[in-house]
Amino acid sequence: MPQPEIGQTAPDFTLPGVVIDGADALTRHFSLREQRGAPLVLAFYPADASPGCTAQLCNYQSELAGFEALGATVWAISRQSTESHESFARKQGLAFPLLADERGDVVDAYGVGMFGVGVRRSIFIIDAEGVVRWKHVALIGVTYQSAAVIRAELSRITGPGADGASRSAAAS
């Protein structure tokens, strides 16, 4: 499927996910429609515990307060199970939800699948009304968009004088 374009309503979904809260692993379903009212950073990543994904999600964790200061929540999505996500989140100290798209339906809806490989490393910023305002979909996925880049885009979207629209970053 094609990727949602800037200015389009983000494809809705409901996925099982896990979030670590202290010693507890809280497993529940996360729905995009229930997130309306605040911006959301959707981070699609290829695999739990891989070196690149670990670096990416740990970068977002270390800067989580910066996202929260802009009113945004971070959700990360990959094709692994919630059990795999729980192990990964505990080991790395990740405190934001990791969602399990085991069938790949959400990956397909966002057009970020890679034949034979799984998931393209991708970021979608969705505004409080559920509209895609910025995206970056990597061609290869070796590198990732840093928390600083994502925060800068969030600031453009949510800050004073923001018009709610932003351009798409070039794929890398």
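Is it the case that Ala49 is touching a Phe, Trp or Tyr at 6+ places or on another chain (Cβ under 7 Å) and either touching a residue at least 40 places away in the same chain (Cβ under 8 Å) or closer than 15 Å to Val74 by Cβ (or both)?
Numbers: touching a Phe, Trp or Tyr at 6+ places or on another chain (Cβ under 7 Å): yes; either touching a residue at least 40 places away in the same chain (Cβ under 8 Å) or closer than 15 Å to Val74 by Cβ (or both): yes.
Answer is yes for this residue.
Scoring Ala25 on the criteria (1) more than 19 Å from Lys135 (Cβ to Cβ); (2) surrounded by fewer than 16 Cβ atoms within 10 Å (Cβ to Cβ); (3) touching a residue at least 40 places away in the same chain (Cβ under 8 Å); (4) not charged (D, E, K, R) leaves a single failure, condition (2).
Among the residues of the stretch 71-83, is any out of contact with any Phe, Trp or Tyr (no Cβ under 7 Å at 6 or more places or on another chain), farther than 20 Å from Ala10 by Cβ, surrounded by 17 or more Cβ atoms within 10 Å (Cβ to Cβ) and touching a residue at least 24 places away in the same chain (Cβ under 8 Å)? Scanning the stretch 71-83 turns up at least one residue that is out of contact with any Phe, Trp or Tyr (no Cβ under 7 Å at 6 or more places or on another chain), farther than 20 Å from Ala10 by Cβ, surrounded by 17 or more Cβ atoms within 10 Å (Cβ to Cβ) and touching a residue at least 24 places away in the same chain (Cβ under 8 Å).
In the stretch 86-103, the residues that are of a type in the set (Phe, Trp, Tyr) form Cβ pairs under 7 Å with partners that are open to solvent by 50 Å² or more (accessible area, probe 1.4 Å) and modelled with pLDDT under 95, at six or more places apart or across chains, as follows: Phe88/Ala49.
Against the test of being within 25 Å of Ile140 (Cβ to Cβ), outside any strand (DSSP E or B) and either open to solvent by 30 Å² or more (accessible area, probe 1.4 Å) or touching a Cys at 6+ places or on another chain (Cβ under 7 Å) (or both), the options Gln56, Gln61 yield a single qualifying residue, Gln61.
Within the stretch 8-22, can you find the residues that are surrounded by fewer than 11 Cβ atoms within 10 Å (Cβ to Cβ) and in contact (Cβ under 8 Å) with a residue 12 or more places away in the chain? Please lay out each step first, then the result.
The initial filter retains those residues of the stretch 8-22 that are surrounded by fewer than 11 Cβ atoms within 10 Å (Cβ to Cβ), namely 21-22.
Answer for the stretch 8-22, where residues must be surrounded by fewer than 11 Cβ atoms within 10 Å (Cβ to Cβ) and in contact (Cβ under 8 Å) with a residue 12 or more places away in the chain: just Asp21.
Could you check, for the stretch 43-51, whether at least one of its residues is among the charged types (D, E, K, R) and either in a helix (DSSP H, G or I) or at pLDDT 95 or above (or both)? Give the steps one after another, and end with the answer.
Quick first cut of the stretch 43-51, residues among the charged types (D, E, K, R) only: 48.
Adding the requirement that they be either in a helix (DSSP H, G or I) or at pLDDT 95 or above (or both) leaves 48.
Scanning the stretch 43-51, I find at least one residue that is among the charged types (D, E, K, R) and either in a helix (DSSP H, G or I) or at pLDDT 95 or above (or both), so the answer is yes.
Identify, from the list Phe96, Phe88, Phe30, the residue that is crowded, with 20+ Cβ neighbours inside 10 Å, of a type outside the set (D, E, K, R), touching a strand residue (DSSP E or B) at 6+ places or on another chain (Cβ under 8 Å) and in a loop (DSSP other than H, G, I, E, B). Don't jump to the end; show me each part of the working.
Working: Phe88 fails: in a loop (DSSP other than H, G, I, E, B); Phe30 fails: in a loop (DSSP other than H, G, I, E, B).
Answer to the selection: Phe96.
When the residues of the stretch 139-172 are filtered to those that are surrounded by 18 or more Cβ atoms within 10 Å (Cβ to Cβ) and out of contact with any Asp or Glu (no Cβ under 9 Å at 6 or more places or on another chain), the one that is modelled with the lowest pLDDT is Gly141.
Could you check, for the stretch 118-132, whether at least one of its residues is without any contact (Cβ under 8 Å) to a residue 60 or more places away in the chain and either of a type in the set (Ser, Thr, Tyr) or over 26 Å from Ile20 (Cα atoms) (or both)? No, there is no match, as no residue in the stretch 118-132 is without any contact (Cβ under 8 Å) to a residue 60 or more places away in the chain and either of a type in the set (Ser, Thr, Tyr) or over 26 Å from Ile20 (Cα atoms) (or both). Taking the criterion of being modelled with pLDDT of 95 or more and open to solvent by 10 Å² or more (accessible area, probe 1.4 Å), the only residue of the stretch 112-127 that qualifies is Asp127.
Please indicate, with yes or no, whether at least one residue in the stretch 47-54 is of a type in the set (D, E, K, R) and closer than 16 Å to Asp101 by Cβ. Yes, that holds for at least one residue.
The values are calculated or read from the model by the stated rules, or taken from the named source; none is laboratory data. Fair warning: this is a prediction, and the values are worked out from it, not measured in the lab. Quick reminder, even Gly has a Cβ in these numbers, built from the backbone with ideal geometry, and neighbours come from all protein chains shown. With ligands, DNA and RNA removed, areas are computed over all heavy atoms of the protein, side chains included. Shrake-Rupley method; radii C 1.70, N 1.55, O 1.52, S 1.80 Å.
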